[in-house]
1. Within the range 78-128, which residues are crowded, with 16+ Cβ neighbours inside 10 Å and free of Cβ contacts under 8 Å to residues at least 12 places away in the same chain?
2. Checking the condition loosely packed, with under 10 Cβ neighbours inside 10 Å and not assigned by TED's automatic domain parsing to the domain that holds Glu227, which residue from Pro359, Pro372 passes?
3. Out of Lys173, Lys217, Lys179, I need the residue that is of a type in the set (Lys, Arg) and either under 19 Å from Glu113 (Cα atoms) or within 16 Å of ligand 2 (Cβ to nearest atom) (or both). Which one?
4. Restricting attention to the range 303-327, which residues are under 25 Å from Ala95 (Cα atoms) and modelled with pLDDT under 90?
5. Does any residue of the range 249-271 turn out to be without any contact (Cβ under 8 Å) to a residue 60 or more places away in the chain, small (Gly, Ala, Ser) and in contact with a Ser or Thr (Cβ under 8 Å, 6 or more places away or on another chain)?
6. Does Glu339 meet the test of being surrounded by fewer than 20 Cβ atoms within 10 Å (Cβ to Cβ), in contact (Cβ under 8 Å) with a residue 40 or more places away in the chain and either of a type in the set (S, T, N, Q) or more than 25 Å from Ile102 (Cβ to Cβ) (or both)?
7. Tell me, which strands (runs of 3 or more DSSP E) lie completely within the range 186-261 with 1 or more residues that are within 21 Å of Tyr71 (Cα to Cα) and within 16 Å of ligand 1 (Cβ to nearest atom)?
8. Please work out which one of (1) modelled with pLDDT of 95 or more; (2) more than 18 Å from Pro255 (Cα to Cα); (3) among the charged types (D, E, K, R) is the condition Lys361 fails and give its number.
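The values are calculated or read from the model by the stated rules, or taken from the named source; none is laboratory data. These figures come from a predicted structure and were not determined experimentally. Here Cβ is always computed from backbone atoms with ideal geometry, including for glycine, and neighbour counts include all displayed protein chains.
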Amino acid sequence: MADVHNWQLNRQMKYQYEESRPDKQVSAVFDINKCIACQTCTMACKTTWTSGKGQEYMFWNSVETKPWGSYPMGWDVRILDKLGPQNWDKTTDLATYSGKTIFEKAPPGERVEGWRPDDMDWAYPNRGEDETNEAIDDTKYHLTIPHAIWNFYFARICMHCTYPACLAACPRKAIYKRKEDGIVLIDQERCRGYRECVRACPYKRAMYNHVTRTSEKCIFCYPAVEEGQWPRCMRNCIGKIRIVGYVNKPEDSVPDNPIDFLVHEKKIALPILPQLGLEPNIYYIPPIHSDLKFSRQMFGPGADDAVQTYKDITNGNEPELRAVLLLCVSTDKILGRFELQGNEAVGFDVSDTEVVRVPLKEPVIVRDFYDPVHDVYRHNIT
Ligand code: SF4
Ligand code: SF4
């Protein structure tokens, strides 16, 4: 085991291999508050990559309803139970994780603390859909605002982790992290289907194909990324909850890089279950209406501040943040940087060519109810 630095834990930790970061790291920010659970992302991915034999229950992108939904069954509670106490030391400016990671908790002879789902655990991807955290008492629901009843939709893909547990656990060294963009892939020629990656990945994003007898996982649509385009699930997102880009370490943060801005500058986008120790590279803007205790467990100790910052956008206190959130969902090109120009937000691709420009406030145009040119009446005049 090597000593590596995990900035999400704010400390050194043990990992199977030496620290070796890619030249660039692909990343995405998902705004949970905007997801409507339409599953368009799920289907966009499924029809592109997993419509073959042996992939019937395989969803590289899935959307579950929290707190009860989970695909595969119990993926989060089962590993959290195994991990033991997960405390954060908040005495320093940055919280430091004082519990154990799944690498540090590994039993003797194992590289990672994990568990392997049964076949049936993968068979109900929509289990718990639209169920709230407690039964709805109609009176209470309407009279108590903010109310105690909540749920949220949780879209998940592979996190293309900086310290992938799948890669650490593979005895065949069939899993690799690309130097050019940090995408984690399984070499289908080398894989022998031992399923150590399925057991090790705490997010359960490595999946076994009984027909090919190999493990498979999300490839972040790398052919699209190589062309500067977003992956399929991101491009097709109806709720426009997703922003694609590249993330740096906090000490190398570039403030006009949209992802760095959201993750490091504004700290509004947080990793999922950072205490596991993988330094996942998909970030989430936590839900503003759910129980903060649940959000802290799911997204770490930054959840309270992230929720407050998000609320400040609607209070008009965060114009730059509002600009980035509007701009980055108005294109399917990967942005390298953004700029505010008067009333407009402008986005540039990684070669610094302008590719998108949006007004911070949409103009409202009111048309006449009657249109004499076409001799028609309009139902919608704004
Ligand atoms: S989320 Fe799982 S499958 Fe994806 S890179 Fe991390 S450990 Fe591997
Ligand atoms: S397409 Fe977007 S809005 Fe619809 S379920 Fe997927 S992430 Fe949520």
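1. Result: Ala106, single match.
2. Numbers: Pro359 fails: loosely packed, with under 10 Cβ neighbours inside 10 Å.
Answer to the selection: Pro372.
3. Numbers: Lys217 fails: either under 19 Å from Glu113 (Cα atoms) or within 16 Å of ligand 2 (Cβ to nearest atom) (or both); Lys179 fails: either under 19 Å from Glu113 (Cα atoms) or within 16 Å of ligand 2 (Cβ to nearest atom) (or both).
Exactly one of Lys173, Lys217, Lys179 is of a type in the set (Lys, Arg) and either under 19 Å from Glu113 (Cα atoms) or within 16 Å of ligand 2 (Cβ to nearest atom) (or both), namely Lys173.
4. So the first thing to find is which residues in the range 303-327 are under 25 Å from Ala95 (Cα atoms), and the list is 303-313, 318, 321.
If the condition is that a residue be under 25 Å from Ala95 (Cα atoms) and modelled with pLDDT under 90, then Glu318 is the only one that fits.
5. Within the range 249-271, none of the residues are without any contact (Cβ under 8 Å) to a residue 60 or more places away in the chain, small (Gly, Ala, Ser) and in contact with a Ser or Thr (Cβ under 8 Å, 6 or more places away or on another chain).
6. Numbers: surrounded by fewer than 20 Cβ atoms within 10 Å (Cβ to Cβ): yes; in contact (Cβ under 8 Å) with a residue 40 or more places away in the chain: yes; either of a type in the set (S, T, N, Q) or more than 25 Å from Ile102 (Cβ to Cβ) (or both): yes.
The answer is yes for Glu339.
7. Values: elements: 206-209, 214-217, 242-246.
Strands (runs of 3 or more DSSP E) meeting the threshold: 206-209, 214-217.
8. Unmet condition: (1).
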